[in-house]
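All remarks here apply to the structure that follows.
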Amino acid sequence: MRRASFYATLILAWTMFAGSLAAETNPPIPQIVHTGSHYQLLVDGKPFLMLGGQAHNSSASNPKDLEPVWRSLVAMHANTAEVPLYWELVEPQPGHFDFHLIDSVIQGARQHGLHLVLLWFGTWKNGAMTYTPSWIKLDPEKYFRVRNEVGQPIDVISPFCTAAREADEKAFTAVMQHIKSLDESERTVIMMQVENETGLLGSDRDYSPQANAKYQSQVPATLMSYLEAHRGHLTPALESAWAAKHFARSGTWHDVFGGLAPETFSAWYVASYVNAVAAAGKHQYPLPMYCNNWLAGPGAARAGDWPSGGPTFHVLDIWKAAAPSIDILAPDIYIPEFLETAAAFRRPDNPLFVPETAFVPSFASYVFPDLAEFNGLGFSPFGIDFAVQDGKLTPAGKALAENYSVLQPLLPLIEKDQYTGKLFSVIQGVDNANVIRLTPELAAVTSYSPGRGFIPPVQQSYKEPRAGGIIIELAPNDYIVAGSGFRVEFRNLTGPARSPEFLSVERGTFQGLKWVPEQRLNGDELHVNLHRKPGILRVRLYDVK
Ligand code: DGJ
């Protein structure tokens, strides 16, 4: 071997060795593990549940505006910040990238001990194109828009515009490359939201010539095979639309879906576009990726009143078929039917993650059923920037802080016990008492203190905190009861009608999975009472035979 090539080989070997050493010393990349119908988000190789909060839309355009975000999240005991990244500022000129805002977001989160979920405001934001760069907005020939039924262009990029999709893929790829270079040694960023509330606001489908040609073509074979394979298990709206067409095995969109055709068509092509963007980004740095959505909610009569084709409930199956690179389809829940919506999105093929919900006192306790019965991966109210005002928490901030502070020490236990049937949430509903069946023999009867969250049936105010908490079975007759605003009576469900007696009641906390008692409650305090003060109680019961 000549001397020059000997040195070249040596350098190459060293580079490869150093590279593999770096890969070995980096913490493992965050990932979602899916076993059967169970899901876990792993961060640093361990299960992680997100107690989050999302910044207002414009707060990440200047690092100064993120200061209140960090302050609020720390005061509320959150562990994750959701912060947007804007295509228009990341790529002000085609191919010229500016990452200084990303750098400061990552730095800010690290300084405050928080993880990050970054939100890519790219082609879509709330069913429109407002975050696309000026050079996209000003070139409608190349980056053409959706046309409505009367042929007018609207404020949405057409999902059939290949040039826009390729530009978005390129920008998102650059973003993911940059995040990798900055963060693979620390893994502050744990998940990416691809786009924001996708779909077509203002039209049920695209009526551009390109779109019309596709609409008259056959439904793609991949979607038909998915439908066949999942027949009987599709969302009710999709199943009945297809049933009305006698479960047609092929045909145009109208032949197969009838009245639901414009929305299913939009869902397939929006999801395919978003999938391409996500796949390009994952190719650089495969973080878990999700899409949030604007629900087809109250007051919206037809697709287009909500962004048509976004992953709202009734077209979830279309998204599952079209977007395998998206790990989670996630609801933004601002409507009072939080629990019903969570139940609809929690499916064997989709974990529950609530990336946005109302930041009001009455919604803060929904974190408990999210993590307990729905085995959710996280919870994150929107617009938390000013939870601290004049050095004090606002009512919404206080309600969330109480719940997050109780949950923080319980997270390892909850992570271990999801999917085991040992987690029960306490959530004040429209009644003033709930019966929670812990086992066939034992119930927890919860009641809520007057003045703190008594919610008269039906007209429930967003301003009233809703009592909430979690009950965790450690062992038979051995329970953790945590939260605030309620008390619990235990009742035997079989045998003589009497309650089990207390062996002990302790107030305390957890270090990892170890119970650390702080106060023994007896005498006047021998109750399971979290009316006045949020906290964690351990209750041991016994039956007098
Ligand atoms: C849902 C969007 O996803 C957020 O970015 C924000 O616009 C909120 N709506 C405002 O309520």
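The values are calculated or read from the model by the stated rules, or taken from the named source; none is laboratory data. The model shown is predicted, which means the values in this text are computed figures rather than measured ones. FYI the Cβ positions are ideal-geometry reconstructions off the backbone, even for glycines, and counts take in every protein chain you see.
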**Report entry** Some residue of segment 272-292 being modelled with pLDDT of 95 or more, farther than 30 Å from LYS180 by Cβ and among the charged types (D, E, K, R)
**Finding:** no
Query raised in the report: Does any residue in segment 35-55 that is under 15 Å from ALA78 (Cβ atoms) come within less than 9 Å, Cβ to Cβ, of a residue that is of a type in the set (Lys, Arg) and at pLDDT 95 or above six or more places away or on a different chain, and which pairs are these?
Result: VAL43/ARG187
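Is it fair to say ILE102 is part of a strand (DSSP E or B), more than 15 Å from the ligand (Cβ to nearest atom) and touching a residue at least 12 places away in the same chain (Cβ under 8 Å)? Full working, then the answer.
Numbers: part of a strand (DSSP E or B): no; more than 15 Å from the ligand (Cβ to nearest atom): yes; touching a residue at least 12 places away in the same chain (Cβ under 8 Å): yes.
Answer is no for this residue.
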Report task. Starting from segment 113-137, keep only residues that are closer than 30 Å to ALA75 by Cα, then list their pairs with residues that are among the aromatic types (Phe, Trp, Tyr) and part of a loop (DSSP other than H, G, I, E, B) whose Cβ atoms are within a distance under 8 Å, requiring at least 6 positions of separation or different chains. Result -> HIS115/PHE48; PHE121/TYR131; LYS125/TYR131; ASN126/TRP294
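Could you please let me know if ASP327 is among the acidic types (Asp, Glu), over 16 Å from GLY122 (Cβ atoms), at pLDDT 95 or above and out of contact with any strand residue (DSSP E or B) (no Cβ under 8 Å at 6 or more places or on another chain)? Steps first, please.
Working: among the acidic types (Asp, Glu): yes; over 16 Å from GLY122 (Cβ atoms): yes; at pLDDT 95 or above: yes; out of contact with any strand residue (DSSP E or B) (no Cβ under 8 Å at 6 or more places or on another chain): no.
Answer is no for this residue.
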Query raised in the report: Quick one: which of GLY297, GLY310 is within 16 Å of the ligand (Cβ to nearest atom) and surrounded by fewer than 19 Cβ atoms within 10 Å (Cβ to Cβ)?
Result: GLY297
Query - Residue tally, condition more than 14 Å from the ligand (Cβ to nearest atom) and surrounded by fewer than 24 Cβ atoms within 10 Å (Cβ to Cβ), over segment 346-368 - result: 7
Report summary line: Residue hits (segment 376-407; in contact with a Ser or Thr (Cβ under 9 Å, 6 or more places away or on another chain), surrounded by fewer than 17 Cβ atoms within 10 Å (Cβ to Cβ) and either basic (Lys, Arg) or part of a helix (DSSP H, G or I) (or both)) are none
Query raised in the report: For segment 96-119, which residues satisfy the criterion of being out of contact with any Leu (no Cβ under 6 Å at 6 or more places or on another chain) and under 20 Å from VAL274 (Cα atoms)?
Result: VAL117, LEU119
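Got a number for residues in segment 330-344 being within 16 Å of the ligand (Cβ to nearest atom) and either over 17 Å from ASN196 (Cα atoms) or modelled with pLDDT under 95 (or both)? Outline the logic, then answer.
Of segment 330-344, the ones within 16 Å of the ligand (Cβ to nearest atom) are 330-336, 338, 341.
Now narrow it down to the ones that are either over 17 Å from ASN196 (Cα atoms) or modelled with pLDDT under 95 (or both): 335-336, 338, 341.
Of the residues in that region, 4 qualify.
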Report task. With the condition kept exactly as written, say whether any residue in segment 154-162 is more than 27 Å from TYR285 (Cβ to Cβ) and of a type in the set (Val, Ile, Thr). Result -> yes
**Report entry** Selection from segment 308-340 of residues that are part of a helix (DSSP H, G or I), among the small types (Gly, Ala, Ser) and within 15 Å of LEU260 (Cβ to Cβ)
**Finding:** ALA321
Query raised in the report: Going by the structure shown, is ASN212 on the phi > 0 side of the Ramachandran plot and surrounded by fewer than 19 Cβ atoms within 10 Å (Cβ to Cβ)?
Result: no
Report task. Can you give me the number of residues within segment 160-211 that are of a type outside the set (D, E, K, R) and without any contact (Cβ under 8 Å) to a residue 12 or more places away in the chain? Result -> 3
**Report entry** Test set (1) closer than 23 Å to PRO440 by Cα; (2) in contact with a Phe, Trp or Tyr (Cβ under 7 Å, 6 or more places away or on another chain) - VAL544 fails condition number
**Finding:** (2)
Requested in this report: Evaluate the following for GLU149: is it away from the ligand (no atom under 16 Å from the Cβ), within 19 Å of PRO307 (Cβ to Cβ), over 22 Å from the mean Cα position of the chain (by Cα) and of a type in the set (Asp, Glu)?
Outcome: yes
Report summary line: The residue that is surrounded by the fewest Cβ atoms within 10 Å (Cβ to Cβ), considering only those in segment 194-209 that are more than 16 Å from the ligand (Cβ to nearest atom) and under 27 Å from LYS170 (Cα atoms), is PRO209
**Report entry** segment 106-134, residues that are outside any loop (DSSP other than H, G, I, E, B), within 18 Å of the chain's Cα centre (by Cα) and within 20 Å of LEU42 (Cβ to Cβ)
**Finding:** HIS115, LEU116, VAL117, LEU118
Query raised in the report: How do the pairs read when you match residues in segment 338-367 that are hydrophobic (A, V, I, L, M, F, W, C) with residues anywhere that are within 16 Å of the ligand (Cβ to nearest atom) and in a loop (DSSP other than H, G, I, E, B), using Cβ under 6 Å and keeping only pairs 6 or more apart or on different chains?
Result: ALA358/TYR334; PHE359/GLY383; PHE359/ILE384; VAL360/TYR462
Query raised in the report: Got a sec? Which of SER380, SER425 is within 16 Å of the ligand (Cβ to nearest atom) and hydroxyl-bearing (Ser, Thr, Tyr)?
Result: SER380
Query raised in the report: In the list ALA372, ALA396, which residue meets the criterion of being of a type in the set (Gly, Ala, Ser) and either touching a Gly at 6+ places or on another chain (Cβ under 6 Å) or more than 13 Å from ILE472 (Cβ to Cβ) (or both)?
Result: ALA396
